[in-house]
Amino acid sequence: MAAEARIAAISPDKTLETCARQIIVIYFQQMMSYKDGAKEGRDIEFVHQMRVTSRRLRAAMDNFVDCFPEKAFNKYYKKVKSITRTLGSVRDLDVLIARFEKEFVTLTEAEQADIRGLIEHLQQEHENARKPMLRLFEKLEEADFEIEFLEFFVGRVCNPDEGR
Amino acid sequence: MAKAHKINGVKPLCSYHENARIILPQKVEEVYRWEPFIRDAARREELHNMRISIKRLRYTMEIFRGVYQHPKKRSKGAPVTGAKRFAQFLAVIVDLQEILGDIHDCDVVLRVLTDYTHQPASDTEVSGSISADGKDGLAKLIDQTKETRKASYENFLEKWEQLSASGFKRKLLSFFGT
């Protein structure tokens, strides 16, 4: 089931703390499901979807901060923030390159020469922006971030739909 | 980018429903914090911050969608579909976010084009370079982007003024408080 449908199905009568755990875990799992595609880099949609979901996750965490012990919560919040930031650098360049490539075909040959240089420049920046993203993913994997995150927000690694 | 406002008064052990009424109005207020600046098209930073606050409101509404999905009873007993009204409010928020997104995209494109135009020749030579005697393509894109930005901004302001005249904020806060 898609994250939106799973969240919409949460009972409004449950305590906020219970719902907060479910929502954070749902968004986290969805965000991480795009990681392999983002690493591969063949389809720009993976970076886009991972970034959007990381923002939804952060919005949820901003709202539910009072439901969790502050120190540990902040540690996970900062990690999610760093994921958003590193994906943002790549995504912004994806958008720019796509936009200029679209504009490119509407220009005359002489005008195209100027834009070609700009696109190549942005493609180089894009390659550079992917490096910190890949390094961050590697670091998170080495630190078992995914397991730790789920253990904190669920108490154990399990299906967040359980007990609904 | 401005940080999200700290949400006050959250009650972790009270219901999700009750907390929606505490959290959502604060997200609305965060959006309206930027309203005094939006009638100046040059306030890029504030327009960007409003976009981010609207996005936070949108995501928070989506988090609490379930609260408004069950039909409620009016005092006279006529059923009101909360889900339908919720969807209408959300559509307005998404629309505003998208128009502000278009404005921001234009601002980013203009910055990139301007920076690239002013890059020293030695830098641009490395990556393909701007033609020595002309920057026609760049100048044309800058002009086109300025036009697009102007149209998006006017569209945004017109929608915002219409919403203000119709009491959108009051209606939204009233809906969240039910």
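The values are calculated or read from the model by the stated rules, or taken from the named source; none is laboratory data. Because the structure is a prediction, the values reported are computed rather than measured. Neighbour counts run over all protein chains shown; Cβ positions are idealised from the backbone, glycine included.
Being within 12 Å of chain B (Cβ to nearest Cβ), surrounded by fewer than 18 Cβ atoms within 10 Å (Cβ to Cβ) and within 16 Å of the chain's Cα centre (by Cα) is a property that holds for A:LYS81. When the test is whether a residue is within 25 Å of A:ALA3 (Cβ to Cβ), outside any strand (DSSP E or B) and at pLDDT 95 or above, B:ILE23 passes it. Filtered by the rule that a residue be of a type in the set (Lys, Arg), facing chain A (nearest Cβ under 9 Å) and more than 16 Å from the chain's Cα centre (by Cα), the stretch B:1-33 gives B:LYS6, B:LYS11. Of the helices (runs of 4 or more DSSP H) contained entirely in the stretch B:72-178, those carrying at least 2 residues that are within 14 Å of chain A (Cβ to nearest Cβ) and at pLDDT 95 or above fall at B:82-117, B:136-165.
Within the stretch A:123-147, residues that are farther than 21 Å from A:ASP43 by Cβ and surrounded by fewer than 18 Cβ atoms within 10 Å (Cβ to Cβ) have Cβ atoms under 9 Å from residues that are modelled with pLDDT under 95 and of a type in the set (Val, Ile, Thr) in these pairs: A:GLU146/A:VAL157; A:ILE147/A:VAL157, counting only partners at least 6 apart in sequence or on another chain. The condition of being closer than 30 Å to A:GLU151 by Cα and in contact (Cβ under 8 Å) with a residue 24 or more places away in the chain does not hold for A:ILE97.
Among the residues of the stretch A:20-51, which ones are without any contact (Cβ under 8 Å) to a residue 24 or more places away in the chain and farther than 18 Å from A:ALA98 by Cα? Outline the logic, then answer.
Taking the stretch A:20-51 first, the residues without any contact (Cβ under 8 Å) to a residue 24 or more places away in the chain are A:33-34, A:36-37, A:40, A:42-43, A:45-46, A:49.
A:SER33, A:TYR34, A:ASP36, A:GLY37, A:GLU40, listed by residue number.
Starting from residues that are within 11 Å of another protein chain (Cβ to nearest Cβ) and buried (at least 18 other Cβ atoms within 10 Å of the Cβ), keep the ones in the stretch A:85-98 and report whichever is farthest from A:ARG55 (Cα to Cα). Taking the candidates together, the pick is A:ILE97. Within the stretch A:1-25, the set of residues being in contact with a helix residue (DSSP H, G or I) (Cβ under 6 Å, 6 or more places away or on another chain) and either more than 9 Å from chain B (Cβ to nearest Cβ) or assigned to a helix (DSSP H, G or I) (or both) comprises A:ALA3, A:ARG6, A:ILE7, A:ALA8, A:LEU16, A:GLU17, A:CYS19, A:ALA20, A:ARG21, A:ILE23, A:ILE24, A:VAL25.
Being hydrophobic (A, V, I, L, M, F, W, C), at pLDDT 95 or above and at negative phi is a condition met by at least one residue of the stretch A:151-163. Any residue that is surrounded by fewer than 17 Cβ atoms within 10 Å (Cβ to Cβ), farther than 20 Å from A:ALA8 by Cα, of a type in the set (D, E, K, R) and more than 11 Å from chain B (Cβ to nearest Cβ) - is there at least one of those in the stretch A:46-69? No, because not a single residue in the stretch A:46-69 is surrounded by fewer than 17 Cβ atoms within 10 Å (Cβ to Cβ), farther than 20 Å from A:ALA8 by Cα, of a type in the set (D, E, K, R) and more than 11 Å from chain B (Cβ to nearest Cβ). Which count do you get for residues in the stretch B:34-49 that are of a type in the set (D, E, K, R) and either more than 21 Å from the chain's Cα centre (by Cα) or buried (at least 17 other Cβ atoms within 10 Å of the Cβ) (or both)? Here the count works out to 2.
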